[in-house]
Amino acid sequence: MSEHSERDLQREVTELQGKSATAARLFDIRRIIGGLFVVYGIIVTIAGITASDADIDKAEGVNINLWTGLGMLALGLFFLAWLWLRPSAAPVPDESSAGSPPRV
């Protein structure tokens, strides 16, 4: 009976490690930053495309919304490409400190 419970415990640990790895990839800061820059970049680029001549004249003849939006899009796509090319590995728990209390 002890082997059965040991096998169940090992299976549960494996499942929890898989969930932890998924959560680590889901909440990677590069995904959040890249996604926000892409969304805001699209909004600002659309504002730049639809800018009137009066808006462009206010900025000394530069369509600042268009250039800022394109820059934001490029930065957001850079973060997402970085995430895709170099995915983060889930942290591996240290076997020796599994039973000890956390250090402060």
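The values are calculated or read from the model by the stated rules, or taken from the named source; none is laboratory data. All values reported here derive from a predicted model rather than from experimental measurement. For neighbour counting, all protein chains shown are included, and Cβ atoms are generated from backbone atoms with ideal geometry for every residue, glycine included. Ligands, DNA and RNA are stripped out before the accessible areas are found, and what is left, the full protein with its side chains, is counted by its heavy atoms. Shrake-Rupley method; radii C 1.70, N 1.55, O 1.52, S 1.80 Å.
Leaving out ligands, DNA and RNA but keeping every protein chain, what accessible area does Ser52 have, in Å² rounded to the nearest 10, with a 1.4 Å probe?
Rounded to the nearest 10, that gives 50 Å².
Cut-off 16 Å, label point 7 angstrom out along Cα-to-Cβ of Leu77: give me the residues of the range 26-48 whose amide nitrogen falls inside.
Inside the label zone: 34-46.
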